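Read the structure below first, then the notes.
Where a number appears in this text, it was derived from the coordinates with a stated rule and is not lab data. No experiment lies behind these values; they were computed from the predicted model shown. Here Cβ is always computed from backbone atoms with ideal geometry, including for glycine, and neighbour counts include all displayed protein chains.
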Amino acid sequence: MTRPHGLLRAGYPYSTTLGMRRVTNFPTDIAFGENDILYVLLRSEGVASVRIWSTEDMDELTDELKGFGSFGSEDGQLKWPVNIITDDSGGIFISDEANHRITKYDQEGNYISKFGIYGDGQGEFNGPSGFALDIDNNFIVCDSKNNRIQKYTKSGDYISSFGTYGSGLGQFNLPWGLDCDENGNIYVCDWGNHRIQIFSSDGELINVFGEYGDGTAQLNRPTGITVDNHGDIYVADWGNNRVLMFNSEGQYIWSFYGDATLSKVARNYMLTNAVPNRLREMGKLEAEKYLRRPRSVRIDSDFRLFIPDFESYRIQVYQKDFIELDETQFAEPLRNPTLEVT
């Protein structure tokens with residue numbers, strides 16, 4: 001997809017909340033399937049699984065919840081899963097930092113294959129975390145505790161790597177989140193250095209932005225990143241309980257702190273539970289809308305932004321509101337830009 005010449009940013013309103021405690025406990029990441037299917041990766045102490053949910057939410061809580069995966073180290077099991085992604089053929093892939101591998105499943109959650117073993121040599125992992133498929137259908141993987149980025153074929157054969165430990169340009173301190181854009185560029189959350197680094201497909205440094213703090217455009221342990229088809233960059237700012245949005249140049253645009261309401265499934269569940277309703281009436285409800293420790297962020301082809309709200313057991317959804325502009329509607333860069341809202 002070709003990026004537009006420019007954007008009229010009309011806003012980024014909150015849309016809806018999906019899931020609830022009991023069904024989407026501690027969502028660490030999500031991936032998109034066919035026909036409005038959402039794969040929700042769940043991770044907590046001694047628990048690791050995938051919930052199959054809907055982007056339209058569910059009407060009510062039932063005993064026939066769909067999902068797959070269990071805690072452990074056997075084939076198909078998960079221990080400390082970090083990211084989940086899907087490919088065009090319906091394959092599901094999950095990175096597992098404790099089992100030092102990436103596992104493949106089919107659309108129903110049946111185990112297919114795996115690759116990766118513990119180590120620091122070529123083709124080995126020490127805590128793989130964020131990963132993505134690039135434009136050549138190769139895996140780009142954050143090998144976090146080895147402080148490097150590795151590239152593999154779709155079948156799991158090692159191709160190349162780049163990166164060393166440190167705080168200098170192009171170095172890493174526990175890289176965690178990762179995404180690739182349509183040009184093959186690689187976007188990395190440099191977790192320990194509180195910054196974002198962007199590389200070419202060959203590992204050449206393109207841009208760096210972010211610094212430690214809780215102010216505008218500052219970061220505290222960034223854990224997840226995604227890039228949309230406009231080139232806008234979204235970062236899960238884990239330590240600051242928010243998601244930050246930057247443009248393709250790394251300039252700050254927007255902050256998401258949380259606007260959650262009760263999801264459809266949660267509303268219907270509450271109608272049959274008198275005590276929780278009484279407790280909710282007595283509580284301070286404003287704080288319940290905020291994000292708590294988001295570990296990832298995803299955006300779909302309709303420019304809906306999905307934020308797994310890790311410690312609130314739900315997913316908050318926003319809808320990007322924009323108009324794509326051509327060269328007659330968007331001026332060249334200005335020397336001294338100021339913005340007046342009319």
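Name the lysines eligible as straight-distance cross-link partners of Lys145: C-alpha to C-alpha under 21 Å, and not fewer than 8 places from it in the same chain.
Lys145 reaches Lys79, Lys114.
Given a 10 angstrom Cα cut-off, can you work out which residue in Arg22, Arg51, Arg280 is the most mobile in a GNM of the chain?
Arg280
Would segment 184-342 count as rounded, prolate or oblate if I go by the C-alpha gyration tensor, calling it rounded below 1.5 in a/c and otherwise prolate when a/b exceeds b/c, oblate otherwise?
Judged from the Cα gyration tensor, segment 184-342 comes out prolate (a/c at least 1.5, a/b above b/c).
Taking every DSSP beta bridge that has both residues in segment 6-325, what percent is antiparallel when rounded to the nearest 5?
Of the beta bridges lying entirely in segment 6-325, close to 95 percent run antiparallel.
Can you find, among Thr272, Tyr105, Pro294, the residue sitting farthest towards the positive end of the charge dipole of the chain, where Lys and Arg contribute +1 and Asp and Glu -1 at Cβ?
Farthest towards the positive pole: Thr272.
Pick from Thr223, Thr272, Thr24: which is most flexible by mean-square fluctuation in a GNM of the chain where alpha carbon atoms under 10 Å apart are linked?
Greatest mean-square fluctuation among the candidates belongs to Thr272.
Can you tell me the FRET efficiency between Asn268 and Lys66 if r is taken as the Cβ-Cβ distance and R0 is 22 Å, rounded to the nearest 0.05?
Using R0 = 22 Å, I get an efficiency of 0.80.
Name the long-range amide H neighbours of Arg314: under 5 Å, sequence gap of 5 or more, or other chain; modelled H, no Pro or chain starts.
The answer is Asp309.
With the cut-off at 1.5 for a/c, could you classify segment 64-145 from its C-alpha gyration tensor as rounded, prolate or oblate?
oblate
Over segment 6-325, what relative contact order in percent results from Cα pairs under 8 Å that are six or more residues apart?
18
Treating the beta-carbon of each Lys and Arg as +1 and of each Asp and Glu as -1, no other charges, what is the dipole magnitude of the chain about its Cα centre, to the nearest 20 debye?
Taking the Cα centre of the chain as origin, the dipole is about 1260 debye.
Taking springs between alpha-carbon atoms closer than 10 angstrom, which of Leu219, Leu61, Leu38 fluctuates most in the Gaussian network model of the chain?
Leu61
Be a star and scan segment 44-84 for residues whose amide nitrogen sits under 20 Å from the point 7 Å along the Cα-to-Cβ vector of Ile112.
From segment 44-84, the list is 49-53, 67-70, 74-79, 81-84.
Tally Lys/Arg at +1 and Asp/Glu at -1 over every other residue whose Cβ is under 12 Å from the Cβ of Ser73; what's the total?
0
Using helices alone, I'd like the mean residue ellipticity at 222 nm for the chain: each DSSP H run of four-plus residues gives -39500 (n - 2.57), total over residue count, nearest 500.
Computed ellipticity for the chain at 222 nm equals -1500 deg cm²/dmol.
Cα to Cα, under 27 Å, and not fewer than 8 places away if on the same chain: which lysines meet these conditions relative to Lys320?
Once the sequence-local lysines are set aside, what remains near Lys320 is Lys264, Lys289.
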